[in-house]
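The values are calculated or read from the model by the stated rules, or taken from the named source; none is laboratory data. Just so you know, these numbers come straight off a predicted model, no measurement behind them. Cβ atoms come from the backbone with ideal geometry, glycine included; neighbour counts cover every protein chain shown. These area figures cover heavy atoms from the full protein model, side chains too; ligands, DNA and RNA do not enter into them. Shrake-Rupley method; radii C 1.70, N 1.55, O 1.52, S 1.80 Å.
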Amino acid sequence: ADESLSPSSRRSLARIQSAGRDMEALIEAFLILAREGDTGLPDDDFDAMEVLHEEIEKARPLLDGKPVQLQLRELAPLRLRAPARVFSVLVGNLLRNACHYTEAGTVTVTVRADSVAIEDTGVGMSTEELARAFDPFYRGGDQRREGQGIGLSIVRRLSERYGWPVKLESKAGAGTTATISFPSVIPA
């Protein structure tokens, strides 16, 4: 940030930059979903860790000023044959949600041979909220959820389109884990 700006101006600028990144990811997701069939984006052979490193760096500013550690753990290599942008939009949405709802503790991204899990120690969700989490514009009862009403709906639609099931597990006040499974991976 520009050192000539006051702290409050720097915070405002960071919020504007964050909103711009969110809008960019949202537009990208809409463009992917608007394409008929899967011919709009070429498949790439890619290492999930490379994309995850990029998405984590994009999400890091959301944790500025919060006592939250953002960690990436690779338990096994994960290589995919798919459009890399779809993977980054999917993971980016889940990662931004985790950072947004976590005021203290950790956000941990764990890579396994056939899945990616994003676990946070955030506000979590009740059973009722969890049941409706993928509904468009549903924000639940926590007022800290403002502005996050469409991300999980996009996640669900992308996961259905590409055959990557997403499972949410959560407990109110304890945190949430989102796990994306990849039935077809490139053998290591």
Taking segment 106-131 and keeping residues closer than 25 Å to residue 30 by Cα and surrounded by fewer than 17 Cβ atoms within 10 Å (Cβ to Cβ) leaves 131
Note: among 66, 58, just one is without any contact (Cβ under 8 Å) to a residue 40 or more places away in the chain, surrounded by 17 or more Cβ atoms within 10 Å (Cβ to Cβ) and within 27 Å of residue 174 (Cα to Cα), namely 58
Condition set hydrophobic (A, V, I, L, M, F, W, C) and part of a loop (DSSP other than H, G, I, E, B), scope segment 156-188, selection nearest to residue 43 (Cα to Cα): answer is 185
Restricting segment 31-55 to residues that are over 19 Å from residue 97 (Cα atoms) and β-branched (Val, Ile, Thr), the one modelled with the lowest pLDDT turns out to be 39
Residues in segment 70-88: is at least one in contact with a strand residue (DSSP E or B) (Cβ under 7 Å, 6 or more places away or on another chain) and within 17 Å of residue 174 (Cβ to Cβ)?
no
Exercise. Would you call residue 103 in a loop (DSSP other than H, G, I, E, B) and surrounded by fewer than 23 Cβ atoms within 10 Å (Cβ to Cβ)?
Worked result: yes
- prompt: In this structure, is residue 108 modelled with pLDDT of 95 or more, touching a helix residue (DSSP H, G or I) at 6+ places or on another chain (Cβ under 8 Å), closer than 28 Å to residue 69 by Cβ and in a strand (DSSP E or B)?
  reply: no
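Is segment 180-188 home to any residue that is open to solvent by 30 Å² or more (accessible area, probe 1.4 Å), at pLDDT 85 or above and within 26 Å of residue 72 (Cα to Cα)?
Yes - at least one qualifying residue is present in segment 180-188.
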